[in-house]
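The values are calculated or read from the model by the stated rules, or taken from the named source; none is laboratory data. Here the structure is a predicted model, which is why all the values come from computation and not from measurement. No Cβ is skipped: glycine too gets one built from the backbone with ideal geometry, and neighbour counts run over all protein chains shown.
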Amino acid sequence: MKPFTKQLLDKATEPYRSAGRFAWHFARGKLSGDPVFAGLLELGAINNGARLLDLGCGQGLLASWLRAARQLYDAGQWQTTWPEPPRLAAYRGIELMPSDVLRASAAGAENVEFVQGDIRTADFGKVDTVVILDVLHYIKPEEQEQVLQRVREALLPSGKLVLRIGDADGGLPFLYSKLVDLVVFFIRGHRIAKLHTRTLGEWSELLTRLGFSVESLPMHKGTPYASTLLLATVAVK
């Protein structure tokens, strides 16, 4: 791990010490092992000043990661070619598991809110950025479409959806991804459930039909998975 990346990891995970050993170790493992967190910064996927809604936010890792990145930038310690990290106007995370919400809240900060709720029914309000990372395959296909339709309605003009999905056409890496998902789902206290997956083409078609313009990027660098990041913006009519 590069010195700057370790510095960012240390800063992002430090708040979880007060949330207990599990929270801290889980944060260290996820933030260091999952390329999506570095990828979001490297791509500049989240705009400066965003009012961000994180659906299925878990213990709030994205909020802590973005906050740490901004703190390092403001302190003149941004030792990377990545673009300037966003300063969020507000962050709200919705998470089904009360234990995750407690861990997230223990590591929270100003302008950050964590709500216990079901993304299938929770109020999304009005925002300009929505992030959903590896969540939708846990709910049924018709519920996926309903959630994405409500996301579309919650987004302001030119709003953005940042969605990571597994590509069901991904062969062995996709099957491995499914297995790991189920294991992590169980460790976090959920009962084992059926996964409802789609191919990259099917996800893109669904988003286009709901009124998004879609760009897809691989997001599994350094891992044996088959993950894709979809950057979907509200289509201008």
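Values as computed for the structure displayed
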| quantity | calculated |
| --- | --- |
| Residues of the stretch 117-134 that turn out to be more than 13 Å from C57 (Cα to Cα) and either surrounded by fewer than 17 Cβ atoms within 10 Å (Cβ to Cβ) or without any contact (Cβ under 8 Å) to a residue 12 or more places away in the chain (or both), as a count | 5 |
| Options A69, A23, A109; residue that is under 26 Å from T228 (Cβ atoms) and either aliphatic (A, V, I, L, M) or free of Cβ contacts under 8 Å to residues at least 12 places away in the same chain (or both) | A69 |
| Residue in the stretch 88-104 that is touching a residue at least 24 places away in the same chain (Cβ under 8 Å), farther than 28 Å from L148 by Cα and not aliphatic (A, V, I, L, M) present | no |
| Filter result for L8 (in contact (Cβ under 8 Å) with a residue 12 or more places away in the chain, among the aliphatic types (A, V, I, L, M) and either under 22 Å from E113 (Cα atoms) or touching a helix residue (DSSP H, G or I) at 6+ places or on another chain (Cβ under 7 Å) (or both)) | yes |
| Residues that are in contact with a helix residue (DSSP H, G or I) (Cβ under 8 Å, 6 or more places away or on another chain), under 13 Å from G60 (Cα atoms) and either crowded, with 20+ Cβ neighbours inside 10 Å or acidic (D, E) (or both), drawn from the stretch 73-103 | Y91, G93, E95, R103 |
| Qualifying residue in the stretch 93-103 (condition: in a helix (DSSP H, G or I) and closer than 20 Å to R164 by Cβ) | yes |
| Selection within the stretch 147-171 - surrounded by fewer than 22 Cβ atoms within 10 Å (Cβ to Cβ) and modelled with pLDDT under 95 | L156, P157, S158, A168, D169, G170, G171 |
| Unique residue being modelled with pLDDT of 95 or more, farther than 18 Å from G211 by Cβ and out of contact with any Ser or Thr (no Cβ under 9 Å at 6 or more places or on another chain) when the list is Q71, Q144 | Q71 |
| Residue, modelled with the lowest pLDDT, within the stretch 5-62, restricted to residues that are within 29 Å of A154 (Cβ to Cβ) and of a type in the set (D, E) | D34 |
| Whichever residue in the stretch 208-229 is crowded, with 21+ Cβ neighbours inside 10 Å and modelled with pLDDT of 95 or more and, among such residues, is farthest from P35 (Cα to Cα) | F212 |
| Positions within the stretch 5-36 being among the polar types (S, T, N, Q) and within 21 Å of L102 (Cα to Cα), in sequence order | T13, S18 |
| Residue count for the stretch 104-116, restricted to those that are buried (at least 16 other Cβ atoms within 10 Å of the Cβ) and not in a strand (DSSP E or B) | 5 |
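Results for (1) farther than 19 Å from A50 by Cα; (2) within 19 Å of the chain's Cα centre (by Cα), shown as yes or no for each residue.
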| position | (1), (2) |
| --- | --- |
| T197 | yes, yes |
| W203 | yes, yes |
| L206 | yes, no |
| R209 | yes, no |
| S216 | yes, yes |
| L230 | no, yes |
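Quick grid of which residues meet (1) within 20 Å of K30 (Cα to Cα); (2) of a type in the set (S, T, N, Q); (3) part of a loop (DSSP other than H, G, I, E, B):
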residue	(1), (2), (3)
G49	no, no, yes
A69	yes, no, no
Q79	no, yes, yes
L88	no, no, yes
T121	no, yes, yes
